[in-house]
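Structure first, commentary second.
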Amino acid sequence: MAVSRQVHGSTRAAGTGARARMKKRMLDTAMRLMEEGLIPSVSEVAEAAEVSRATAYRYFPSQVALIQETVEQALGPILEWTSDSSDAEERIAELISFAYPRIETYEATHRAVLKLAIEQWTRGKAGTLGDEARLVRGNRKRLLGEALLPLKSRLSEAEFDRLTQSLSLVFGTEAFVVLKDICGLDGEEARRVAIWASFALVRTAIAEAGKGDGAGKASGRIQKRGSKTARKRTGRTVN
């Protein structure tokens with residue numbers, strides 16, 4: 001898979017002391033290894049950064065802790081995104097326009113995290129994950145909720161949640177990978193498609209909310225028809 005070149009040396013560090021510099025050194029090293037296609041262990045980062053394993057484990061007690069902080073560094077200012085706009089569509093466009101270039105800059109890191117999440121799921125299903133710490137993901141839910149704040153009073157709780165869930169399909173690493181790898185788009189084209197799809201989802205949610213219970217019942221009928229079709233084709237329910 002094609003991966004954009006990452007800009008190293010730009011990770012955030014808490015403070016400027018020796019401890020902060022050492023932590024930044026290891027995080028930058030981890031991101032470089034990710035660009036080379038690896039999901040590095042703490043030991044591998046220690047070796048590449050030329051620090052002792054004991055030192056590395058004092059900063060990152062596990063691979064998941066290392067990867068978790070690496071992706072937070074890659075996301076950087078995205079995690080602190082806010083908007084002064086009172087228009088939901090404008091806020092969504094601002095969020096995507098702000099986030100997608102940063103995701104592309106640190107694409108290798110985000111793909112490595114996605115790969116680790118899939119591997120953990122696979123080992124979990126096979127019963128071989130043991131007591132390994134789980135990678136926690138979910139920043140997009142908070143960010144999308146922030147972007148949709150102007151609609152909080154216009155939509156019911158269920159409608160608001162459904163819209164947030166739907167937008168999760170077009171915002172984030174997975175959507176970015178699909179638009180690039182499957183659709184063959186570049187970063188800018190992916191951004192435009194994501195914004196277009198987001199506007200369509202927001203406008204549909206607002207239109208359905210304006211129709212009251214009828215829209216909710218119609219949505220329920222569509223879901224039921226989909227489930228019936230799936231059972232006919234496969235003999236089982238699609239979860």
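The values are calculated or read from the model by the stated rules, or taken from the named source; none is laboratory data. If you're wondering where the values come from, they're calculated on a predicted model, not measured in any experiment. Every residue, glycine among them, receives a Cβ derived from its backbone with ideal geometry; neighbour counts consider all protein chains shown. When the accessible area is computed, the model is the full protein with side chains, heavy atoms only, and any ligands, DNA or RNA have been set aside. Shrake-Rupley method; radii C 1.70, N 1.55, O 1.52, S 1.80 Å.
The table below lists the values:
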read-out: Any hit, segment 106-119, residues being part of a helix (DSSP H, G or I) and aromatic (Phe, Trp, Tyr); value: no
read-out: Tally, over segment 82-101, of residues that are open to solvent by 20 Å² or more (accessible area, probe 1.4 Å), in contact with a helix residue (DSSP H, G or I) (Cβ under 8 Å, 6 or more places away or on another chain) and not small (Gly, Ala, Ser); value: 6
read-out: Residue match in segment 127-136 (condition: exposed (fewer than 15 other Cβ atoms within 10 Å of the Cβ) and among the aliphatic types (A, V, I, L, M)); value: yes
read-out: Residue list for segment 156-186, restricted to those being surrounded by fewer than 16 Cβ atoms within 10 Å (Cβ to Cβ) and either touching a strand residue (DSSP E or B) at 6+ places or on another chain (Cβ under 7 Å) or touching a residue at least 60 places away in the same chain (Cβ under 8 Å) (or both); value: Glu174, Asp181
read-out: Lone unmet requirement of (1) within 25 Å of Lys180 (Cβ to Cβ); (2) of a type in the set (Val, Ile, Thr); (3) open to solvent by 20 Å² or more (accessible area, probe 1.4 Å) for Val51; value: (1)
read-out: Scan of segment 173-203 for residues that are under 24 Å from Leu148 (Cα atoms) and of a type in the set (D, E, K, R), ordered by number; value: Glu174, Glu188, Glu189, Arg191, Arg192, Arg203
